[in-house]
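To keep things clear, I will list the structure first and then write my remarks on it.
The values are calculated or read from the model by the stated rules, or taken from the named source; none is laboratory data. Predicted, not measured: the structure shown is a model, and the values here were computed from it. Note: ideal-geometry Cβ built from the backbone for every residue, glycine included; neighbour counts use all protein chains shown.
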Ligand SMILES: NC(=O)c1ccc[n+]([C@@H]2O[C@H](COP(=O)([O-])OP(=O)(O)OC[C@H]3O[C@@H](n4cnc5c(N)ncnc54)[C@H](O)[C@@H]3O)[C@@H](O)[C@H]2O)c1
């Protein structure tokens, strides 16, 4: 088994949205193990505090209770992180919601908008708040946690799939826009991972989620964090605007 080099994040400061559980918390753990200091943003204060307590043994953790869909709240969170650490080098746009499962026709427009507000506008607000800071410093790594649903679509979650497709398009545009500034912007597209996003999963739903996955299993949040970690590192030096697949063979592009 080849040795896997552990990314070195010494001296780096990372913002992880939704960093208090699931894929975001695993990413925060990986970044902390590599020496990054962390600013975790999420809506749920209790779980933010629990994450900060856990990670405090490894690194300095700053937390901000914020709704990423709220532009003013995101601007304030970015200012707070920069005031606290003096810099932000890494942004992981991980906060997201699945929204309702419903066929188009009964899927409410207000629910569709609510999903776009968090998954798409949240990513946009965080990029808007931090890209000028990163560009001015000449260094940045941004990773947008999209989904294979944004490439392939999934029935009954049209709002989610549309928001993730738009997140991928935003990644492509922004990656090209800032390509000469030292700021790299990439996306990851996991298939289903057993986190809180689904709520309780019964056997039928598990079967349906795995039906299109050739590797026939869920991806662990730790595996997704490994890919995000590399994209957050200096080792990722010539990829931007790109979408990195982690879907067990479901998507091959
Ligand atoms: N679990 C999967 O199967 C899967 C697959 C592909 C992509 N993803 C994506 O991975 C990301 C993380 O999801 P997860 O699976 O860890 O689920 P999760 O439900 O455990 O985590 C979602 C995180 O987002 C935060 N969040 C939600 N709405 C927010 C808001 N308005 N403002 C701030 N924070 C908010 C939550 O507090 C939580 O920390 C999401 O973007 C999700 O779409 C998940």
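Computed values, structure above
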| item | result |
| --- | --- |
| Number of the condition not met by residue 47 [criteria: (1) more than 10 Å from the ligand (Cβ to nearest atom); (2) surrounded by fewer than 23 Cβ atoms within 10 Å (Cβ to Cβ)] | (1) |
| Tabulated pairs, region 66-90, first within 11 Å of residue 133 (Cβ to Cβ), second more than 14 Å from the ligand (Cβ to nearest atom) and part of a loop (DSSP other than H, G, I, E, B), C-beta under 7 angstrom, 6+ apart or interchain | 81/88; 82/88; 89/12; 89/139 |
| Conditions (1) assigned to a helix (DSSP H, G or I); (2) more than 10 Å from the ligand (Cβ to nearest atom); (3) surrounded by 15 or more Cβ atoms within 10 Å (Cβ to Cβ); (4) touching a residue at least 24 places away in the same chain (Cβ under 8 Å): number failed by residue 119 | (2) |
| Enumeration of residues in region 133-155 that are more than 10 Å from the ligand (Cβ to nearest atom) and in a strand (DSSP E or B) | 140, 141, 142, 143 |
| Residues (assigned to a helix (DSSP H, G or I) and touching a residue at least 24 places away in the same chain (Cβ under 8 Å)) located in region 91-112 | 111, 112 |
| Qualifying residues in region 179-210 (those that are away from the ligand (no atom under 15 Å from the Cβ) and not in a helix (DSSP H, G or I)) - the one modelled with the lowest pLDDT | 202 |
| Test: residue 183 is more than 12 Å from residue 148 (Cα to Cα) and either in contact with a strand residue (DSSP E or B) (Cβ under 8 Å, 6 or more places away or on another chain) or in contact (Cβ under 8 Å) with a residue 12 or more places away in the chain (or both) | yes |
| Residue list for region 65-81, restricted to those being part of a helix (DSSP H, G or I) and either within 13 Å of the ligand (Cβ to nearest atom) or out of contact with any helix residue (DSSP H, G or I) (no Cβ under 6 Å at 6 or more places or on another chain) (or both) | 71, 72, 73, 74, 76, 77, 79, 80, 81 |
| Breaking point among (1) loosely packed, with under 13 Cβ neighbours inside 10 Å; (2) at positive phi, for residue 202 | (2) |
| Region 3-38 - residue that is in a strand (DSSP E or B) and either without any contact (Cβ under 8 Å) to a residue 24 or more places away in the chain or within 14 Å of the chain's Cα centre (by Cα) (or both) and, of those, nearest to the ligand (Cβ to nearest atom) | 17 |
